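One structure is given here, and the rest of the page talks about it.
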Amino acid sequence: MGNVNRKEAAEIARKLLAWYHEHKRDLPWRRTGDPYQIWVSEVMLQQTRVETVIPYWTRFIQRFPTIEALAAAPEEEVLKFWEGLGYYSRARNLQTAVREVQERYGGRVPDTLAEISSLSGVGPYTAGAVLSIAYNVPLPAVDGNVFRVLSRIFLIEEDVSKPAARKKFESLAEFLIPPGEASDFNQSLMEFGATICIPKHPRCLSCPLQTLCKAYAEGMQEDLPIKAKKKPPRAIDILTGIVRNGDGNRDGERVLIVRRPQEGLLAGLWEFPSFEATPGKSPAEDLQHSLRQQFAMTIQVEQHFANMQHTFSHLHWNLQAYSCRLSGTVETTVTAADNWRWVPVGQLGDFPMSAVHQKLAKLLQGLV
């Protein structure tokens, strides 16, 4: 392919596989051949470090060991087991796709590219990873690690965020797969990028491909891969009300939590009622107005509770939380609804929440 010949490709594959068989990490999903469990690991590993994923994957598989178990589970329980991993759309898409597998393919993960690519949330990377690792199908699985490794070995100075470049890397990765070795070879590329050919200060002195690496020969290994800089996340000021309903006794006190919409950021997760701050209004005035508008309730803002910050890929929350108390009784002020409820403080941990609201809940419970 291009300026890469079969002999060179075979030499790279031979050295990588030899290195992998000697140095690969003992990861729990490498001890199974179950395509479903491998699929779960690949979804969790997207944009998340291996060390973080291991305990999550272990708990998730213990609770949902089969496609049937995950397909039958309530979404809220699935989100609770995903809590803390972030990018919650991954969990929802995974469960939707698993239900599709149950309905269309009798609970067996498809082993063809066309079929697995038709499932919800399954893109080229996930399809290639699951098919190659679980079924040894000779397809590429190009993630950030693989972009980095290939751009350095072959000195590819193209922006990896552009679709044309992605196609080039996928074709190159597929060309390098030795016959019958797709599973181990793709894993070797990922492992190599995660442990040797790392983003900053790559470990070139212990690299088995050093003599074949064109970027190393030119002293350019730390300049690659080339990726366009993202726009900085937009800052938003958020006001959060920790609205209490009770006599002040922690054991009998309840607080208001609301469920976010089923579409968009943090979809379906629970949180304390939060609103984008209104310029020119005091926090107390703003919270009182917003809670009256959204929930038809009157509250008193008592005191500042905590400040939190959280950064998403495109947003940065500057969150100020205030302790509030319901004026009047819940029976006369509030009508029950599916998307919000009053919860005893001690039971907040039963509800899936984003990281920042988990911290607020633990502060409220006196756990931090």
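Please identify which residues in the stretch 84-108 have an amide N closer than 20 Å to a label point set 7 Å out from the Cα of GLN62, following the Cα→Cβ vector.
So the set is 84-86.
Would you mind computing, in nm to one decimal, how far apart the modelled labels at GLN262 and SER117 are, each placed 7 Å from Cα along Cα→Cβ?
My value for the distance between the label points is 2.9 nm.
Just want the ordering: MET44, MET308, from fewest to most Cβ atoms lying within 10 Å of their own Cβ. Show your work: numbers first, answer last.
On the way: MET44 23, MET308 18.
Exposure proxy ranking, most exposed first: MET308, MET44.
Go through 224-231, 140-147, 168-175 and give me the packing order, highest mean Cβ count within 10 Å leading. List each step's numbers first, then the result.
On the way: 224-231: 13.6, 140-147: 22.4, 168-175: 18.2.
The packing order, highest mean first, is 140-147, 168-175, 224-231.
In the structure displayed, which of LYS162/LYS359; LYS229/LYS362; LYS168/LYS200; LYS229/LYS281 lie more than 32 Å apart, Cα to Cα? Kindly include the intermediate steps, with their values, before the conclusion.
Working: LYS162/LYS359 37 Å; LYS229/LYS362 36 Å; LYS168/LYS200 24 Å; LYS229/LYS281 36 Å.
In this structure, LYS162/LYS359; LYS229/LYS362; LYS229/LYS281 exceed 32 Å between Cα atoms.
Evaluate the relative contact order of the stretch 6-223 (contact order divided by residue number), counting alpha-carbon pairs under 8 angstrom at least 6 apart; express in whole percent.
Details: 258 pairs, mean separation 49.2, N = 218.
Computed value for the stretch 6-223: 23 percent relative contact order.
Taking the mean number of other Cβ atoms within 10 Å as a proxy for protection, how do you rank 234-242, 297-305 from highest to lowest?
Working: 234-242: 18.0, 297-305: 16.0.
The peptides rank, most packed first, as 234-242, 297-305.
Mind ordering 17-27, 348-358 by average Cβ neighbours within 10 Å, highest first?
348-358, 17-27
Within a Cβ distance under 12 Å of GLN262, other residues only, what is the Lys/Arg minus Asp/Glu net charge? Intermediate values should be presented prior to the final figure.
Details: positive: ARG92, ARG259, ARG260; negative: GLU75, GLU76, GLU263, ASP338.
Its environment carries a net charge of -1.
Would you be so kind as to identify which of ALA296, TRP82, GLY180 lies farthest towards the positive end of the dipole of the chain, taking Lys and Arg as +1 and Asp and Glu as -1 on Cβ and the Cα centre as origin?
In the chain, that residue is GLY180.
Counting pairwise Cα distances across the stretch 6-223, what percent come out greater than 28 angstrom?
Values: 7118 of 23653 pairs.
In whole percent, the long-distance tail amounts to 30.
Determine which residues of the stretch 183-213 fall in the zone a paramagnetic label at GLU51 would reach in this model, i.e. backbone nitrogen under 20 Å from the point 7 Å along Cα→Cβ.
Answer for this model: 190-204.
Can you give the % of DSSP beta bridges in the chain that are antiparallel, to the nearest 5? The partial results should precede the final answer.
Details: 24 of 37 bridges.
Restricted to the chain, the bridges split so that about 65 percent are antiparallel.
Sort ASP286, ASP159 so the one with the fewest other Cβ atoms within 10 Å of its own Cβ comes first. Walk me through the numbers on the way to the answer.
Numbers: ASP286 21, ASP159 12.
With the fewest neighbours first, ASP286, ASP159 line up as ASP159, ASP286.
Return a whole-number percent for the relative contact order of the stretch 116-274, with Cα pairs under 8 Å and 6 or more residues apart as the contact set.
On the way: 204 pairs, mean separation 32.8, N = 159.
It rounds to 21 percent for the stretch 116-274.
Given labels modelled 7 Å from the Cα in the Cβ direction, how far is it in nm from ARG6 to ALA164?
About 3.0 nm separates the two model spin labels.
How much net charge surrounds VAL109 when only other residues with a Cβ under 10 Å from its Cβ are counted (Lys, Arg +1; Asp, Glu -1)? Present the calculation step by step, with values, prior to reporting the outcome.
Numbers: positive: ARG108; negative: ASP34, ASP111, GLU115.
Value of the local net charge: -2.
Here are some values of Cα Rg over 2.2 N^0.38 Å: (i) 1.20; (ii) 1.11; (iii) 0.97. Which one was computed from this structure?
(i)
Is there a quick way to get the dipole size of the chain? I mean about its Cα centre, with the Cβ of Lys and Arg at +1 and of Asp and Glu at -1; what is the value in debye to the nearest 20? Intermediate values should be presented prior to the final figure.
On the way: 42 positive and 41 negative charges, 131 e Å.
The dipole of the chain has a size of about 620 debye.
Dividing the convex hull volume of the alpha carbon atoms of the stretch 32-88 by its residue count, what do you get in Å³ per residue? List each step's numbers first, then the result.
Numbers: hull volume 4.3 nm³, N = 57.
Given the Cα convex hull of the stretch 32-88, per-residue volume reads 75 Å³.
Report relative contact order for the chain in percent, whole number only (criteria: Cα-Cα under 8 Å, sequence separation at least 6). Please list the in-between numbers first.
Working: 557 pairs, mean separation 56.6, N = 368.
In percent, rounded to a whole number, it is 15.
Sticking with the crude label model, points 7 Å out along Cα→Cβ, report the distance from LYS200 to MET220 in nm, one decimal please.
A separation of 2.3 nm, rounded to one decimal place.
Pairing the Cα long axis of helix 124-135 with the longest principal axis of the chain, what angle in degrees results, from 0 to 90 and rounded to the nearest 10?
Rounded to the nearest ten degrees, it is 60.
Report, in degrees rounded to the nearest 10, the 0 to 90 angle that the Cα long axis of helix 35-45 makes with the longest principal axis of the chain.
So the inclination is approximately 70 degrees.
Give me the angle, in degrees from 0 to 90, between the Cα long axis of helix 182-195 and the longest principal axis of the Cα atoms of the chain, rounded to the nearest 10.
Approximately 70 degrees, to the nearest ten.
FYI, it's all coordinate maths here, none of it is from the lab. Predicted model, so just to flag it, every value in this text is computed and none were measured. Using ideal geometry, Cβ is built from the backbone for each residue, glycine included, and neighbour counts are taken over all protein chains shown.
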